[in-house]
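First the structure, in the form of structure tokens, and then the observations on it.
The values are calculated or read from the model by the stated rules, or taken from the named source; none is laboratory data. In this text the structure is predicted, and so the values were computed from the model without any measurement. Virtual Cβ from ideal backbone geometry, glycine too; neighbours counted across all protein chains shown. Side chains are part of the model used for accessible areas, which takes the heavy atoms of the whole protein and leaves out ligands, DNA and RNA. Shrake-Rupley method; radii C 1.70, N 1.55, O 1.52, S 1.80 Å.
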Amino acid sequence: MKYLNKITLGLILCMGLMTSCKDDDEIGIPGGIAVDREEITIVAEGGTEKIAVSSNSNWVSSSSQPWISISPANGLGSADCSLAIDSTLSEKSREAQIRFSVEGQESKSIRVIQFGYGKQIILKEPTVEIESSARYDDRYFDAVISANVAFKIDSNVEYSFEGLTDADNENELESDRTGWIEMPKADDLEINLDRGYRPRTVKVRFKWKANIVPCTRVAKIRLLPKNADEQLIDNEGNPTGEVILTVKQKPALRITDDRAGDSIAILAINEKVQSMINFDSSESMLNWNYVKLWEATDKLPNGDKNAIGRVRSVQFMLIDLKDGETLPKEVRHLKYLESFTIQSNANWQIRNISLGEEICELKHLKELSVYALGLEKLSENFIKLGGKVDDSYVGLEALNLASNGFNQLSDITNVVNQENFPNLTALSLTGCRRVDIIKDLSQISGTNEYNGKKVGLHINLDNPSDKSAFMKLLTWDSLRELSLSYNYIEGELPDDDYITNNLTIKSYQKNDFFTEDELKAEPSIYLTKISADTCGWLKTMNKKVIYQHDESSTSWKITGQDVPRVLPNARAFSFNLNYLTGALPKWILFHPYFVEWSPETFIFAQEDEAKDSKSQPVGFNNIDNVKFDYKYYYGTTGEKDEEGVAYPLYYKRYAAN
């Protein structure tokens, strides 16, 4: 009996839950009523249209025009309503609103457009106003277009400015006046006129770009019949040759040439790149993280005191620039910028991002880091930042292009090279892989693709053009840091003879070394010259050093002048995790800073268990990564004249300590 009571109680609870769920479902109808249509278009002859009404209450309907009747006109709960629409004798269209209402709730409206006998294109909203900026995914508007004739968009869009002031130079703004609306594809405008000229309604999406101009931008977009012989009429029945969609975009904040303007520019850039790091606009810019200002005690650019309080460096991180986007143009307003960093773009491997031309206007820029953004090519005027083609630029000293989508080294070195960037001392091209790991490079197609995707920076040193681009880096004397790690570099490194034949200064010269007196007078000379005391062997022509891979290998007996003068000032050089084969040449093994390069990690270690495009196992054949012996390099005693040792004084630095 107790068991039956429990079953009965359970059934009652289940029924209660089911009833509760049903009530919740009904309560969930927005506004207490819903309809299945928002727009109805119909021909001049009229006809009948069906509307599904959903409600859990009493509802009533009404029409704003007598030429539409509704049946049933009211009811309780859900129903299918029939609209009877009279015919019209007019050439022009007419419009009505149908409303379904529940007491105490907001009504639902349906727009009814009845076309006349004339041919028309009707815009629901002929004028659209949009914001100056928004998140990338929100930069669009939808235009609702009804027509009884096939139509197209005129390719000649009329762009203009409104509200220009005397302070605005229209010529400087010209590049921002046009092209800020992306037209829909022709397929998006297709309407199915399957019953003669029965009208149809389409929703067409227009994308737009952010406005950086401090005035309203206007675009007039004309809709025309596909057949030029077809004559449109307007809503007054008058012949017309065009229907115009007018788009007005709100002006951007005016960015002035002062500290306040810098703060507005940073906030605008940060919003447009959709950074996860925010700047608190309620705080002074002095307190912003990732922003540094010029101070009176700094060595001001060109001694310009107007730089005091302006932005000296800024970083934007954890961003979300979409495929096809460009670095925001507001960067050009940061005119005293010395260091700029933008990094960590979401899904950068599958996005192509452009730096744009505006960053190339920053004449005081010394350090530029564009890390994991999605760059495929450099901007057309990027060469200006080198300081050679335009001497009003100070010239970059450090450039980080790591983790971007470059496909060919020449795309970089044709622009960024010793001639164009004479002040550059640090260059990073690490990790330019769009595809993380490929164990066999023979799987890369001739178009530099793997499984249909671009692989990134693929350099085949057996290819003359790739080798030539690579040599532009190796013959760059002023570089102190060069990173080429984790790319798709394959083939054999240029050997000593090839290198020597391509060097202007073939071996180390007296002028490459500093004296103690020079070091005392100018300590920074350490960065641009070599210690004659520690590395003096490089100047010798008779003292021989012996290098032998192992007991069975052929030994090298060389003097200091036999070492090709490659990257003489490079304190850091790396090309690990690539696909290189063959021998490490003398210009590496006897380089004065070879041990500082941490060669076991950053030179010897190529991609593990991988093959190059010839299906050869990668790795160097004249070193042992595990048992590499530095005796030839810094010896075993640290004595200055230790026999057969290249740089004996380094023993105390790298071994004894």
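Take the Cβ-Cβ distance between residue 616 and residue 525 as r, set R0 to 45 Å, and report the resulting FRET efficiency rounded to the nearest 0.05.
0.55
Keeping all protein chains in position, work out how much accessible area residue 188 exposes to a 1.4 Å probe, and write it in Å² to the nearest 10.
80
Solvent-accessible area of residue 141, probe 1.4 Å, all protein chains present, reported in Å² to the nearest ten, please.
Probe radius 1.4 Å; accessible area of residue 141 about 20 Å².
Here is the link list: 557/586; 557/631; 152/207; 529/557. Which ones come out longer than 19 Å on Cα distance?
Going by Cα-Cα distance, 529/557 fall outside the 19 Å limit.
What percentage of all Cα-Cα pairs in segment 68-167 are separated by more than 19 Å?
For segment 68-167, the share of Cα pairs beyond 19 Å comes to 67 percent.
Quick one: order 634, 136 from most to least accessible surface, probe 1.4 Å.
136, 634
Taking Cα pairs under 8 Å and at least six residues apart, what relative contact order does segment 189-289 come out at, in percent?
Once divided by the residue count of segment 189-289, the mean separation gives 22 percent.
In the chain, with Lys and Arg counted as +1 and Asp and Glu as -1 at Cβ, which of these residues, 567, 578, 328, has the Cα nearest the positive end of the dipole, that is, farthest along it?
Going by the charge dipole, the pick is 578.
Suppose only helical runs count, i.e. DSSP H with n ≥ 4. What mean residue ellipticity at 222 nm does that imply for the chain under -39500 (n - 2.57) per run, divided by all residues and rounded to the nearest 500 deg cm²/dmol? Numbers along the way, then the final one.
Values: 10 runs with 87 residues, N = 657.
Value at 222 nm, helices only, nearest 500: -3500 deg cm²/dmol.
Give me the one-decimal nm value for the distance between modelled label points at residue 306 and residue 158, 7 Å along each residue's Cα-to-Cβ direction.
Here the modelled spin labels are 3.9 nm apart.
With +1 on the Cβ of every Lys and Arg and -1 on the Cβ of every Asp and Glu, and nothing else charged, how large is the dipole of segment 310-361 about its Cα centre, in debye rounded to the nearest 20?
Details: 7 positive and 8 negative charges, 36 e Å.
Result for segment 310-361 is approximately 180 debye, rounded to the nearest 20.
Against the empirical 2.2 N^0.38 Å scaling, what ratio does the C-alpha Rg of segment 400-539 come to? Show your work: numbers first, answer last.
Details: Rg = 18.2 Å, N = 140, 2.2 N^0.38 = 14.4 Å.
So the Cα radius of gyration is 1.26 times the expected 2.2 N^0.38 Å.
So for the pair residue 392, residue 643, with labels modelled 7 Å out along Cα→Cβ, what separation do we get in nm?
My value for the distance between the label points is 6.6 nm.
Would you kindly calculate the mean projected area, averaged across all directions, of the convex hull enclosing the Cα atoms of the chain, in square nanometres?
Result: 49.5 nm².
Give the relative contact order (percent, whole number) for the chain; include only Cα pairs under 8 Å separated by 6+ residues.
Dividing the mean separation by the residue count of the chain yields 7 percent.
Assuming 0.36 nm per residue, please report the length gained on full extension of the stretch residue 657 to residue 103 beyond their Cα-Cα distance.
Full-extension gain reported as 190.6 nm.
So what J values fall out for segment 385-391 if you push phi through Karplus, 6.51 cos²θ - 1.76 cosθ + 1.60 with θ = phi - 60°, rounded to Hz, Gly and Pro as x?
5, x, x, 8, 6, 9, 6
Return one number: the angle in degrees, 0 to 90 and rounded to the nearest 10, between the long axis of the Cα atoms of helix 259-272 and the longest principal axis of the Cα atoms of the chain.
Roughly 70 degrees, rounded to the nearest 10.
Would you compute, for the Cα atoms of segment 150-263, the largest minus smallest coordinate along each principal axis and list the three values in descending order, in whole Å?
If we take the Cα atoms of segment 150-263, the spans are 64, 27, 21 Å.
Starting from the residue with the highest accessible area, list 183, 276 in decreasing order, probe 1.4 Å.
276, 183
In the structure shown, do any of 119/203; 377/506; 299/363 have a Cα-Cα gap over 21 Å, and if so which?
Values: 119/203 19 Å; 377/506 33 Å; 299/363 16 Å.
As for pairs spanning more than 21 Å Cα to Cα, those are 377/506.
With r as the distance between the Cβ atoms of residue 548 and residue 174 and R0 = 60 Å, compute the FRET efficiency 1/(1 + (r/R0)^6) and round to 0.05. List each step's numbers first, then the result.
Values: r = 68 Å, r/R0 = 1.13.
In this case the efficiency is close to 0.30.
What does the highest-first list of 613-621, 455-463 look like by mean Cβ count within 10 Å?
Averaged packing, sorted descending, gives the order 455-463, 613-621.
How big is the C-alpha Rg of segment 248-383 next to the rule-of-thumb value 2.2 N^0.38 Å, as a ratio?
1.04
Give, as ranges by residue number, the residues of segment 344-385 whose backbone N falls under 16 Å from the point 7 Å along Cα→Cβ of residue 207.
Of the residues in segment 344-385, 350-354 have backbone N under 16 Å from the label point off residue 207.
Give the angle, between 0 and 90 degrees and rounded to the nearest 10, that separates the Cα long axis of helix 2-27 from the longest principal axis of the Cα atoms of the chain.
90
Viscosity 1.306 mPa s, temperature 10 °C: what is the translational diffusion coefficient of segment 38-84 from Stokes-Einstein with a Kirkwood Rh over Cα pairs, rounded to a whole number of µm²/s?
137
Simple spin-label model, 7 Å along Cα-to-Cβ: residue 91 to residue 182 in nm?
4.0
Mind putting a number on the dipole of segment 279-344 about its Cα centre? Charges go on the C-beta only, +1 for Lys and Arg and -1 for Asp and Glu, and I need it in Debye to the nearest 20.
Here segment 279-344 has a charge dipole of around 300 debye.
Can you give the alpha-carbon Rg of segment 485-607 over 2.2 N^0.38 Å, where N counts its residues? Please report the intermediate quantities before stating the final value.
Numbers: Rg = 15.6 Å, N = 123, 2.2 N^0.38 = 13.7 Å.
Dividing the Cα Rg of segment 485-607 by 2.2 N^0.38 Å gives 1.14.
Below 8 Å, C-alpha to C-alpha, sequence gap of six or more: please give me the relative contact order for segment 510-600 in percent.
Relative contact order of segment 510-600: 21 percent.
Of 51, 445, 231, which is farthest on the positive side of the dipole of the chain, counting Cα position, with +1 on Lys and Arg Cβ, -1 on Asp and Glu Cβ, and the Cα centre as origin?
Toward the positive end, the furthest listed residue is 51.
Counting only the heavy atoms of the protein chains, how much of residue 600 is accessible to a 1.4 Å probe, in Å² to the nearest 10?
Roll a 1.4 Å probe over it and residue 600 shows about 80 Å².
Size of segment 540-657 along its principal axes in angstrom, Cα-based, largest extent first?
Projected onto the principal axes, the Cα atoms of segment 540-657 cover 46, 29, 26 Å.
How big is the shadow of the Cα convex hull of segment 363-432, averaged over all directions, in nm²?
On the way: hull surface 16.3 nm².
Mean projected area for segment 363-432: 4.1 nm², to one decimal.
Given bins 10 angstrom wide, list per bin the percent of all Cα-Cα distances in segment 511-560, short to long.
The calculated distribution, bin by bin, is 24, 34, 24, 15, 4.
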